Every structure is written in structure tokens, then in C-alpha cells.
């Protein structure tokens with residue numbers, strides 16, 4: 001009998017399908033954010049403003065409170081690029097130092113509103129019922145008062161100053177964050193993994209802070225970014241009417257208020273602080289819009 005032979009062909013260089021490496025959710029958000037040129041432009045401007053605020057002592061050509069009565073009302077020139085005010089102070093230096101005050105007020109005021117409003121919104125959305133009704137009715141009362149008027153009332157009670165200004169702006173913004181977090185929590189608390197955590201015996205506080213709040217960050221981040229712009233604008237308005245930062249400390253709104261008496265003859269005293277406010281608000285709004293698109297799950301590829 002003939003013995004049958006079986007030939008086995010060797011396969012050279014077998015092709016193995018490549019598996020894409022999984023990336024974290026924040027990496028995906030960053031990739032989508034980079035697609036928006038306007039959002040990146042806003043981010044760059046904000047980074048520059050933060051750097052200017054941090055290194056104001058080294059960037060500013062003069063101390064912000066240095067007076068020279070021999071150089072009052074100088075138009076923009078090589079020695080004073082933005083000119084001087086009625087006390088001979090360099091306006092460029094005051095604008096640079098003013099960025100420090102405005103950004104600190106904006107970020108800390110939003111931090112106060114975010115922590116307080118976020119906690120109240122999480123409790124309200126998670127428990128519902130009478131707790132939700134009680135907290136939301138308080139928020140409705142605060143929302144019925146315009147935020148600017150509420151901030152004015154708080155500062156009038158506490159007194160003008162940087163700390164009181166941040167507290168007033170923060171308290172006036174609490175209802176917005178409470179409602180944003182409440183809506184996000186109510187949409188998440190019915191998920192299966194939340195029910196599994198309850199069945200496993202996890203406490204409510206652990207469920208809220210470990211599972212619910214981290215998964216509801218997207219709308220909160222967008223609201224906080226836009227809220228910083230609103231807080232800076234509110235703080236500038238408060239300083240403009242004399243209830244915010246007190247002289248000689250530089251603040252953009254206070255600089256506008258000080259220069260309005262000379263706006264006909266020395267308009268540069270109000271133009272440059274006004275441009276600083278406009279650029280900052282614009283950059284924050286551009287970044288907020290970009291983050292809103294980047295964090296939208298419908299846009300994921």
C-alpha cells in the first residue's frame with residue numbers, strides 16, 4: 001500500500017489585526033477640543049492671562065501704586081505704553097496687576113458657588129421628595145432676585161473688599177450650579193450601576209461622591225467655565241459702582257469707574273481696561289463653547 005503524504009504549507013508573516021489602544025475619556029475630550037480652533041484660541045488667551053497674573057511683579061514696568069504727579073494724563077508713549085492716569089500711575093502696570101484680582105475673584109467665586117451649589121444639587125437630585133422640594137424652593141427664591149442685585153445686597157451688608165466681593169458673587173451664583181447638578185444627578189441615579197451599588201450596601205454619601213458626581217462633571221465643567229466669565233463681569237460691575245475692590249488696588253471695573261470722568265479728553269483711561277475685560281470674557285466664552293461640544297457624547301466618533 002502506498003502511504004499518503006500530507007503537505008503542510010507554511011504561512012509566512014501572518015497578519016494579525018491591530019487592536020486600537022484604549023484611551024481615557026479625558027484624552028478623547030482633549031482630541032475633540034483640539035478640533036475647535038476658536039476654543040484653542042480661547043484656551044491660549046486664558047493661559048497667557050493666568051501667566052500674566054502670576055508673574056505680574058516681573059512683567060509690569062512700574063509698581064501699580066507708584067504715583068508721579070509730574071506725569072499725569074500722559075497719552076500712550078514709549079515710556080508708558082497705555083499712558084498714565086490722573087495720579088501719574090502707569091495704566092499698563094495697573095491693567096497687568098488687575099488681571100490678578102479679576103482672575104482670583106472669578107475662580108474663587110465660582111469655586112464657592114460650585115462646591116455649595118453642587119452639594120445642594122446632588123442631595124436634592126438624589127433624594128428627591130421633600131428634600132428636593134425644600135432645596136429647590138430656596139433656589140427659586142434666590143433666582144427670583146437678579147444676581148447683580150443679590151451681590152450688591154450681600155456686599156452692602158458685609159462691606160466692600162476683595163473677600164466680601166468673592167463671597168457675594170459666589171452666593172449669587174449658587175442656584176445655577178445647584179440646578180445644573182440636580183438635573184445631571186436625576187438622569188444618572190436610575191442607572192444600573194447605581195442600583196448595584198445600593199444593593200451591595202454602599203452608603204448614600206459614597207454613591208453620590210464616588211459614582212454620581214464624577215459621571216455628571218460634563219455639564220458642570222461647561223457651566224463653571226462660563227461662570228468664571230460671568231463672575232469677572234459681575235465683579236467688574238461691583239467695583240465700577242464702588243462696592244468691590246477699593247483703591248489703590250487695581251481692578252478693571254474700578255479703573256473704568258475712575259476713568260469715566262475723563263473719558264472725553266483721555267479716553268485711553270477707559271479703553272484699555274475695557275479691552276482687557278472684553279478679551280477675558282471672550283476667551284472664556286470661546287473655551288466654554290468648545291468644551292460644551294467636546295463633552296457632548298453625541299459627537300463621539
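Residues that are in contact with a strand residue (DSSP E or B) (Cβ under 8 Å, 6 or more places away or on another chain) and assigned to a helix (DSSP H, G or I) were ranked within region 48-107; the one that is farthest from residue 225 (Cα to Cα) is 71. Scanning region 146-167 turns up no residue that is farther than 29 Å from residue 250 by Cα and assigned to a helix (DSSP H, G or I).
Scanning region 73-88 for residues that are exposed (fewer than 15 other Cβ atoms within 10 Å of the Cβ), free of Cβ contacts under 8 Å to residues at least 60 places away in the same chain and touching a helix residue (DSSP H, G or I) at 6+ places or on another chain (Cβ under 9 Å) yields 79, 81.
Readers should treat all values here as calculations from the given coordinates under stated rules, not as data from a laboratory. Computed from a prediction, not measured in an experiment: that's the story for all the values here. Every residue, glycine among them, receives a Cβ derived from its backbone with ideal geometry; neighbour counts consider all protein chains shown.
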